[in-house]
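First the structure, in the form of structure tokens, and then the observations on it.
FYI, it's all coordinate maths here, none of it is from the lab. Owing to the predicted nature of the structure, the values given are computational and were not obtained by experimental measurement. Here the Cβ positions follow ideal geometry from the backbone for every residue, glycine too, while neighbour counts run over all protein chains shown.
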Amino acid sequence: MLKSLWLFFIDLKMFDFQIHSECSNTAARVGSFSTPHGNLRTPQFMPVGTLGTVKGITATQLKEVNAQMILANTFHLHIQPGEEIVKNAGGLHHFMGWDQPILTDSGGYQVFSLSKLNKIDDQGVSFKNPRDGRNIDLTPEKAMQIQMDLGADVVMAFDQCPPYPSTEVEVENACKRTHHWLERCIKAHSRQDQAIFGIIQGGCYPHLREESVRRVLSFDLPGVAIGGVSVGEPSSEIHKIVRHLGPFLPAKVPRYLMGIGTVREMAIAVANGIDLFDCVLPTRLGRHGTALVRDERWNLRNSCFKNDYQPLDTTCKCEACLNHSRAYLHHLIRNDELLGLTLLSLHNLSHLIRFSRAMTLAIEDRCFSEDFAPWQKDSIARHTW
RNA sequence: GCGGGCGUCGCCAAGUGGUUAAGGCAGCGGCUUGUGGCGCCGCUAUUCGGGGGUUCGACUCCCCUCGCUCGCC
């Protein structure tokens, strides 16, 4: 009794989510989520650092663009260097030199998207390591053990993420499996200094989403995520899912929309009560030579930037915009210079994090609306962006 | 000076008589949403150094010419 009380106390202290401000006419809210490695202000965008590094970006640079939490990936870190190495290094924070919050994805998505699956059943999945072809078994228990060894602040339940399109029966089966696995994940997870988030599945089928959210919420976890989006469906489907699920999500915990990272999707999600995002898009676009400017994408390879000596985005204070011209970035990208990839990735991260901050300010200033589009001249939220 | 070889897109390069002249690089654009710096998709030579000729038909054969290149004197 005493012990459970004490654990409850620790739980509260380590993972307290507080709402600071709410929008009057939407579900948008400003909050903070405490973790053993510091507080996370929400709404917030998390850079993705699959292998324990946001590709091409240093921890110092991440802090300069005000990144607060990053996502690392169980699947990739398990394959290389292996959780033992990370554990022996003192955990992922020490290993990668990042002293702020970290979330680890369970690897469920990668198992289904990246590897050649051999077998999937209620027990778990068996797949070929895409690196060396060796067989790897992953179960909810194993995924939890790996994540406990990695030592992130937030760990994700091991889920089955069905592709798009999938039949109703396929999605329903994936949901059932995800719910059973969630129960096993919770049983297997024993680190009190880590929060575990459950994942809602259900594809584009509203009644399956509803059933999933009910099942996941029944475990009363410190956070909840909407999974199974950004798997190839049109963005209008993402909007529908977010709008449909919003009213079902509990107010007291952070709500995380997995894999989303465009300003439009983020704005609509925040309007429906989402607090957290992660996405590979800003860094992947950066590596492919594309910069996010306002709500546009600029391909810096394009010859129109050859003689353009203006900063990329005059409203941005990132290293790329502060110190360099479009012409220089164009030159770097054209010549496959690593620095170009770094600078554009950095700018794109800065852009989405700045956008998170703009939404926060707009909610606090009570000028957030369903269609939060501060890049538009007639937007009431324009002054925050 | 004599003899041989070669000239096809900015670069490399298929094609040696038959309908719309491969491909690669470069160039011009596009795609990218719980990450392989991976990659994918369009567009880019009405014309084969130039000029004549043979032929129903010529990048392909013949002649002249220009340019490059190798060998011999």
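Descriptive notes on the structure:
- Distance cut-off 17 Å, percentage of C-alpha pairs in segment A:17-103 lying past it: 53 percent
- Nearby aspartates and glutamates by direct alpha-carbon distance to A:Lys240 (threshold 18 angstrom, same-chain neighbours under 8 apart not counted): A:Glu168, A:Glu210, A:Glu211, A:Glu265, A:Asp275, A:Glu370, A:Asp371
- Quotient of the Cα radius of gyration of segment A:197-356 and 2.2 N^0.38 Å, N being its number of residues: 1.23.
- Segment A:295-385: Cα Rg divided by the 2.2 N^0.38 Å rule of thumb: 1.23
- Top of A:Ala27, A:Ala271, A:Ala152 by mean-square fluctuation, Gaussian network on chain A, Cα under 10 Å: A:Ala27
- The GNM of chain A, with springs linking C-alpha atoms under 10 angstrom apart, assigns the highest mean-square fluctuation among A:Ile274, A:Ile186, A:Ile200 to A:Ile186.
- Here the extension length gained between A:Thr314 and A:Glu370 equals 17.5 nm, from 0.36 nm per residue of separation less the Cα-Cα distance.
- Nearby lysines by direct alpha-carbon distance to A:Lys128 (threshold 26 angstrom, same-chain neighbours under 8 apart not counted): A:Lys55, A:Lys87, A:Lys116, A:Lys119, A:Lys142, A:Lys176
- Net charge in the neighbourhood of A:Trp385 (other residues with Cβ under 10 Å of its Cβ; Lys, Arg +1, Asp, Glu -1) is +4.
- Relative contact order %, chain A, counting alpha carbon pairs below 8 Å whose residues are six or more apart: 17 percent
- As a proxy for reagent exposure, ranking A:Val30, A:Val169 by other Cβ atoms within 10 Å from fewest up yields A:Val169, A:Val30.
- With Rh defined as the Kirkwood radius, the inverse of the mean 1/r over Cα pairs, the Rg/Rh of chain A is 0.96.
- Rg/Rh (Cα only; Kirkwood hydrodynamic radius) as it applies to segment A:55-189: 1.00
- The local environment of A:Ala59, defined by Cβ-Cβ distances under 15 Å, has a net charge of -1 under the rule Lys, Arg +1 and Asp, Glu -1.
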